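Visitor: Encoded as structure tokens, here's the structure I'll be asking about.
The values are calculated or read from the model by the stated rules, or taken from the named source; none is laboratory data. Given the structure is predicted, the values throughout are model-derived calculations rather than measurements. We place every Cβ from the backbone using ideal geometry, glycine too, and count neighbours over all the protein chains shown. Keep in mind that these areas ignore ligands, DNA and RNA; they rest on the heavy atoms of the full protein, side chains included. Shrake-Rupley method; radii C 1.70, N 1.55, O 1.52, S 1.80 Å.
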Amino acid sequence: MNHRLARSGRFAMAAVFTLVLAACGGGGSTSAPAGSAPGGGTTPPSTGSGGTAPGTGVTPPPTFGGGTSGTGAPIVSAGAMVKGSVIVNGLRFDDTAAVIGDDRTRTAAQLANGMVVRVRGRSDDNVNGVAERVEVENEIRATIQLTPSTVNNTQSFVAGGVTVIVDSQTVYANVSGFAGLAQGTRVEVHGLRDGNGNLRATRVEAVGAADGIDELRGAVSGLNGAASQFTLNGSITVSYAGATFSPAGTTAAALTNGLVVEVRGALAGNVFTATQVDVEDLEDSALGAKENEKTEYEGFVTDYAGSTTFKIAGRAVQIGASTRFVGGTVADLANNVKVEAEGVTVGGVLVASKIEFKQTRVLLHGLASTVSTGAGTVTVLGQIVTVNAQTRLDTRGTSGSSLGDLVAGTDCVEVRAYLDGTTLTAEEVKEPSSCSRELVQARVVAENETTFTLTFLNNLSASLGGAGTQFRNTAGQSISRAEFFAAVVPASGSNVGTLVKVKGTTLSSVEEAELQN
């Protein structure tokens with residue numbers, strides 16, 4: 001649980017941004033065949049670009065191939081989908097004439113909530129588009145290796161050597177939720193990898209022998225060409241002596257450590273006998289974003305160290321002075337934070353015009369009134385915050401950091417968290433050196449312009465009526481109290497509410513209030 005965060009430079013962003021970082025390739029599954037269609041999903045979740053191909057002598061296909069050209073500007077969008085036809089990153093694609101790339105030969109009608117897909121299509125308004133091709137990108141099809149468990153407020157299981165983490169947004173199919181999973185259950189899992197190599201599942205479907213052969217995706221390590229073997233996911237030995245390589249013309253000579261591949265065949269224990277090995281960069285070249293094309297990726301931030309570049313699903317992203325942050329600020333960027341990056345691809349890098357945080361962001365700073373190591377919770381400003389196995393802890397402990405280092409009623413904490421359903425889940429808990437101020441950054445659920453009061457979360461209120469209170473807009477410019485309250489829209493229906501940051505010696509007498517994007 002103690003993934004300590006090195007915080008130096010995290011909040012300082014350079015004024016001049018450079019454009020240098022090579023992109024890494026990612027998933028895809030275009031090969032032929034097997035099996036019957038899956039069952040449908042349940043509740044949908046709330047809400048790549050291929051890199052340079054390795055030296056194989058094979059020229060990636062120059063054209064997309066199949067589907068309809070549609071109208072509008074070309075766009076590549078990757079992430080977890082919602083049905084209707086295919087909605088990815090908020091853009092609704094008409095998939096009527098789309099080519100569906102999937103080894104289970106699913107049709108457009110059989111695509112379902114929570115599946116991770118990559119779409120190449122066209123759109124003029126970034127609201128509606130026409131899909132030319134939809135590639136289904138599941139990460140695992142294999143049996144669960146160990147009994148699923150709940151540890152440190154985290155539900156997880158292991159399949160194909162990968163730790164799969166589920167949450168309230170995971171869609172289940174053909175199984176009655178997490179409780180219905182067991183060791184030996186064969187599953188197809190869709191999800192997004194985090195910085196620790198875990199798979200955050202967006203969809204878990206129980207499948208039978210007729211629903212496609214075993215399948216794993218990952219980066220090659222421990223390559224042993226003489227033995228025709230390599231390792232995937234840290235513990236799975238892949239034997240490829242009898243395997244066919246794709247796309248056409250690719251051979252085992254293309255394999256290098258770090259190369260992302262997808263293997264199909266049979267998994268027995270920790271040995272995977274591959275009948276097919278897909279080199280992902282070449283398989284996906286037709287779906288990768290081309291120079292200056294609109295590109296959208298959803299995933300967890302990795303390789304971030306307070307700089308201007310990071311990765312999402314192994315694909316390079318660059319932010320700059322003009323990047324707009326939605327649902328949070330640049331200070332919320334950290335490894336394992338789930339975002340959508342939107343922009344254009346330049347030199348294999350997504351130059352982001354917008355970074356949207358996919359989970360409702362909350363920042364709390366105040367006295368830790370209660371601490372429960374047994375329940376894995378800390379209460380701050382009256383809000384119960386859950387700490388789990390993914391939470392980064394920096395509690396100034398003498399031998400590492402743990403929740404047990406905090407003294408209730410004495411220590412102050414700064415919590416960066418997100419709402420998982422109705423649960424406030426911490427991504428980071430740190431113990432600052434000072435507790436001189438209380439601070440909240442969250443979406444407004446109610447306001448009272450007569451008493452100058454804002455309400456956040458679970459009846460957490462702040463009073464903005466003091467004569468010396470300073471008000472600022474999203475650009476940090478000073479505005480009047482009337483202008484501030486006129487801009488605040490409380491959450492209601494589909495409206496998520498205005499994101500606001502307030503701080504003061506106490507929340508009963510706020511000194512500064514600022515609108516956030």
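Visitor: For segment 301-312, what are the residues that are open to solvent by 10 Å² or more (accessible area, probe 1.4 Å) and in a strand (DSSP E or B)?
Guide: Those that are open to solvent by 10 Å² or more (accessible area, probe 1.4 Å) and in a strand (DSSP E or B): THR302, THR309, LYS311.
Visitor: Still on this structure, I have one more. Which members of segment 373-428 meet the condition of being surrounded by 14 or more Cβ atoms within 10 Å (Cβ to Cβ) and of a type in the set (D, E, K, R)?
Guide: Scanning segment 373-428 gives ARG392, ASP394, ASP405, ASP411, GLU414, ARG416, ASP420, GLU427, GLU428.
Visitor: Considering only residues that are β-branched (Val, Ile, Thr) and in contact with a helix residue (DSSP H, G or I) (Cβ under 8 Å, 6 or more places away or on another chain), look in segment 79-113 and name the one that is least open to solvent (accessible area, probe 1.4 Å).
Guide: Among residues in segment 79-113 that are β-branched (Val, Ile, Thr) and in contact with a helix residue (DSSP H, G or I) (Cβ under 8 Å, 6 or more places away or on another chain), the one least open to solvent (accessible area, probe 1.4 Å) is VAL86.
Visitor: One residue is enough: does segment 116-125 have a residue meeting the conditions under 24 Å from THR231 (Cβ atoms), open to solvent by less than 40 Å² (accessible area, probe 1.4 Å) and part of a loop (DSSP other than H, G, I, E, B)?
Guide: no
Visitor: A further question on this structure: Which of the residues spanning segment 211-234 are farther than 18 Å from GLN145 by Cβ and not in a strand (DSSP E or B)?
Guide: Within segment 211-234, ASP211, GLY212, VAL220, GLY225, ALA226, ALA227, SER228 meet the criteria.
Visitor: Output the residue which, of all residues in segment 197-227 that are of a type outside the set (A, V, I, L, M) and surrounded by fewer than 16 Cβ atoms within 10 Å (Cβ to Cβ), is nearest to ASN257 (Cα to Cα).
Guide: So, considering only residues that are of a type outside the set (A, V, I, L, M) and surrounded by fewer than 16 Cβ atoms within 10 Å (Cβ to Cβ), the one nearest to ASN257 (Cα to Cα) is SER221.
Visitor: Restricted to segment 90-115, and to residues that are part of a loop (DSSP other than H, G, I, E, B) and polar (S, T, N, Q), which residue is farthest from GLY72 (Cα to Cα)? Steps first, please.
Guide: Pass one, segment 90-115, residues part of a loop (DSSP other than H, G, I, E, B): 90, 95-98, 102-107, 111-115.
Applying the additional criterion that residues be polar (S, T, N, Q) yields 96, 105, 107, 113.
Values: THR96: 16, THR105: 28, THR107: 24, ASN113: 26 Å.
So the residue we want is THR105.
Visitor: In segment 459-475, how many residues are within 31 Å of the chain's Cα centre (by Cα), of a type in the set (A, V, I, L, M) and part of a loop (DSSP other than H, G, I, E, B)? Steps first, answer last, please.
Guide: Taking segment 459-475 as the starting set, the residues that turn out to be within 31 Å of the chain's Cα centre (by Cα) are 459-461, 472-475.
This time we only want the ones that are of a type in the set (A, V, I, L, M), so: 460, 475.
Going one step further and asking which of them are part of a loop (DSSP other than H, G, I, E, B), we end up with 475.
Total satisfying the criteria: 1.
Visitor: Could you look through segment 323-336, keep only residues that are in a loop (DSSP other than H, G, I, E, B) and at pLDDT below 95, and pick out the one that is surrounded by the most Cβ atoms within 10 Å (Cβ to Cβ)?
Guide: Among them, the one singled out is GLY328.
Visitor: Out of ALA389, ALA408, report the one residue that is over 20 Å from GLN169 (Cβ atoms) and either in a loop (DSSP other than H, G, I, E, B) or aromatic (Phe, Trp, Tyr) (or both). Show your work before the answer.
Guide: Working: ALA389 fails: over 20 Å from GLN169 (Cβ atoms).
Only one candidate passes the filter, namely ALA408.
Visitor: Considering every residue within segment 481-496, establish whether at least one is hydroxyl-bearing (Ser, Thr, Tyr), closer than 18 Å to VAL326 by Cα and surrounded by 17 or more Cβ atoms within 10 Å (Cβ to Cβ).
Guide: No, segment 481-496 has no match at all.
Visitor: Return the pair list, or none, for Cβ contacts closer than 6 Å from residues in segment 451-464 that are modelled with pLDDT of 95 or more to residues that are open to solvent by less than 30 Å² (accessible area, probe 1.4 Å) and charged (D, E, K, R), at least 6 apart or on different chains.
Guide: none
Visitor: Might you check whether a residue that is in a loop (DSSP other than H, G, I, E, B), at pLDDT 95 or above and under 21 Å from ILE312 (Cα atoms) occurs anywhere in segment 235-255?
Guide: No, segment 235-255 contains no residue that is in a loop (DSSP other than H, G, I, E, B), at pLDDT 95 or above and under 21 Å from ILE312 (Cα atoms).
Visitor: Give me the residue from segment 465-480 that is within 16 Å of GLN516 (Cα to Cα) and modelled with pLDDT under 95 and, out of that set, least open to solvent (accessible area, probe 1.4 Å).
Guide: Taking the candidates together, the pick is GLY476.
Visitor: On to the next question. Only residues in segment 238-266 that are closer than 13 Å to LEU223 by Cα and of a type in the set (Phe, Trp, Tyr) count as the first member; pair them with residues that are surrounded by 20 or more Cβ atoms within 10 Å (Cβ to Cβ) and modelled with pLDDT of 95 or more, Cβ under 7 angstrom, at least 6 apart or cross-chain, and list the lot.
Guide: TYR240/ALA274; TYR240/VAL277
Visitor: Right, something else. When the residues of segment 147-158 are filtered to those that are part of a loop (DSSP other than H, G, I, E, B) and closer than 18 Å to GLY177 by Cβ, which remaining residue is least open to solvent (accessible area, probe 1.4 Å)?
Guide: Filtering first and then ranking leaves PRO148.
Visitor: Kindly establish whether VAL346 is modelled with pLDDT under 95, surrounded by fewer than 20 Cβ atoms within 10 Å (Cβ to Cβ), among the aliphatic types (A, V, I, L, M) and farther than 25 Å from ASN388 by Cα.
Guide: Judged against the criteria, VAL346 is not a match.
Visitor: OK, next. Of the residues in segment 267-300, how many are assigned to a strand (DSSP E or B) and surrounded by fewer than 17 Cβ atoms within 10 Å (Cβ to Cβ)?
Guide: So in segment 267-300, the residues assigned to a strand (DSSP E or B) come out as 267-268, 271-279, 294-300.
Adding the requirement that they be surrounded by fewer than 17 Cβ atoms within 10 Å (Cβ to Cβ) leaves 268, 271, 275.
Qualifying residue count, segment 267-300: 3.
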